[in-house]
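This report concerns only the one structure given below.
The values are calculated or read from the model by the stated rules, or taken from the named source; none is laboratory data. Note that this is a predicted model, so its numbers are computed, not measured. Note that we place each Cβ from the backbone using ideal geometry, even for glycine, and neighbour counts take in every protein chain shown. The area values use the complete protein model at the heavy-atom level, side chains included, leaving out ligands, DNA and RNA. Shrake-Rupley method; radii C 1.70, N 1.55, O 1.52, S 1.80 Å.
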Amino acid sequence: MQFEVFTLLPEVFPPYLESSILKRASERGLINVRVHNIRDYTRDKHHTTDDTPYGGGGGMVMKPEPVFEALETVLGLNAGPTPPELDSNIPIILLTPQGRVFDQSIAQELSQHPRIALLCGRYEGIDERIREHLVTDEISIGDYVLTGGELPALILIDAIARLLPEVLGDPTGAQDDSHAMGLLEYPHYTRPPEFRGWKTPDILLSGDHAKIEKWRREQSLLRTFNKRPDMLEKAELSKADKKFLDSLKNVER
Ligand code: ADE
């Protein structure tokens with residue numbers, strides 16, 4: 001999968017992309033992240049990317065010309081048909097606190113595309129014509145305001161990349177994640193069986209896989225019930241799940 005990132009701060013990307021799982025995914029050709037500096041697409045002597053807002057007020061606004069120029073050049077938007085393998089309907093996503101709030105289902109949806117473009121906002125805002133006539137989607141990573149869209153872009157790349165086939169070492173790795181099933185994940189333990197007097201639950205050492213499976217499911221339900229009851233409304237629940245949840249509701253917490 002190919003990611004085209006457009007930013008005024010290209011230097012923040014390599015340290016994260018060149019570590020651990022994303023590094024391996026790039027080396028194996030499973031993802032390709034290209035980071036484009038919007039400043040390279042300015043045409044004036046001072047390489048201006050921002051200007052004061054019409055109508056006054058504080059802060060600076062990202063100018064439309066270099067942003068349009070960068071995306072049109074890299075994505076070939078004005079250059080006739082894109083090669084079919086790169087999908088001419090490439091999503092152009094603006095990272096902004098005004099977007100739809102990112103979650104696992106949006107990560108799933110975006111992982112189906114062969115190529116996506118991520119536009120990182122900076123300064124106080126971007127010229128509205130970029131939003132109206134260039135971007136096709138707007139995504140926020142939560143209800144708080146950051147200094148720019150760079151960290152949000154990295155978060156999208158990370159969450160999407162780990163859903164792609166073969167990116168995680170364990171092929172079932174992403175299936176049991178918190179959120180993938182609509183529930184929080186069950187607790188994990190590894191060696192030693194006892195640490196500072198705190199024991200691993202006996203059932204996990206029992207070797208009885210059916211019982212372990214049932215315990216894990218119930219722990220997922222219990223955690224979600226206690227920490228994120230809102231998620232239970234959308235989760236796919238079996239009869240046994242519902243019965244277990246009913247039993248929790250009758251217990252004093
Ligand atoms: N840029 C600034 N804040 C942001 C947020 N919460 N999500 C996405 N992009 C942003």
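Worth pointing out:
- Taken about its Cα centre, the chain carries a charge dipole of roughly 1020 debye when the Cβ of each Lys and Arg holds +1 and the Cβ of each Asp and Glu holds -1.
- The range 105-179 - charge dipole about Cα centre, Lys and Arg +1 at Cβ, Asp and Glu -1, debye rounded to 20: 220
- Long-range amide H partners of HIS179 with built H, under 5 Å: LEU184, GLU185
- Gaussian network model of the chain, springs between alpha carbon atoms under 10 Å - residue of LEU94, LEU205, LEU156 with greatest fluctuation: LEU205
- Rounded to the nearest whole Hz, the Karplus-based 3J(HN,Hα) values (6.51 cos²θ - 1.76 cosθ + 1.60, θ = phi - 60°) of the range 170-176 follow the sequence 8, x, 9, x, 7, 6, 8, with x at glycine and proline.
- Percent RCO, i.e. relative contact order, over the range 127-245, from Cα pairs under 8 Å lying at least 6 residues apart: 21
- With a cut-off of 13 Å between beta carbons, the residues surrounding GLU236 carry a summed charge of +2, where Lys and Arg count +1 and Asp and Glu -1.
- Protein accessible area in the chain, 1.4 Å probe - carbon and sulfur %: 51
- Average projection area in nm² (convex hull over Cα atoms of the chain, one quarter of hull surface): 19.6
- On a per residue basis, the range 109-253 carries 64 Å² of accessible surface, using protein heavy atoms and a 1.4 Å probe.
- Of SER20, SER111, the residue with the largest accessible area leads and the full order is SER20, SER111 (1.4 Å probe).
- Under 23 Å from LYS214, Cα to Cα: lysines that are on another chain or at least 8 residues apart: LYS199, LYS227, LYS234, LYS239, LYS242, LYS243, LYS249
- Relative contact order of the range 2-161: 28 percent, from C-alpha pairs under 8 Å at least 6 residues apart in sequence.
- The helix-only estimate of mean residue ellipticity at 222 nm for the chain, built from DSSP H runs of length n ≥ 4 each weighted as -39500 (n - 2.57), is -10000 deg cm²/dmol after division by the residue total.
- Separation between Cα centres of the range 47-78 and the range 166-220, rounded to whole Å: 48
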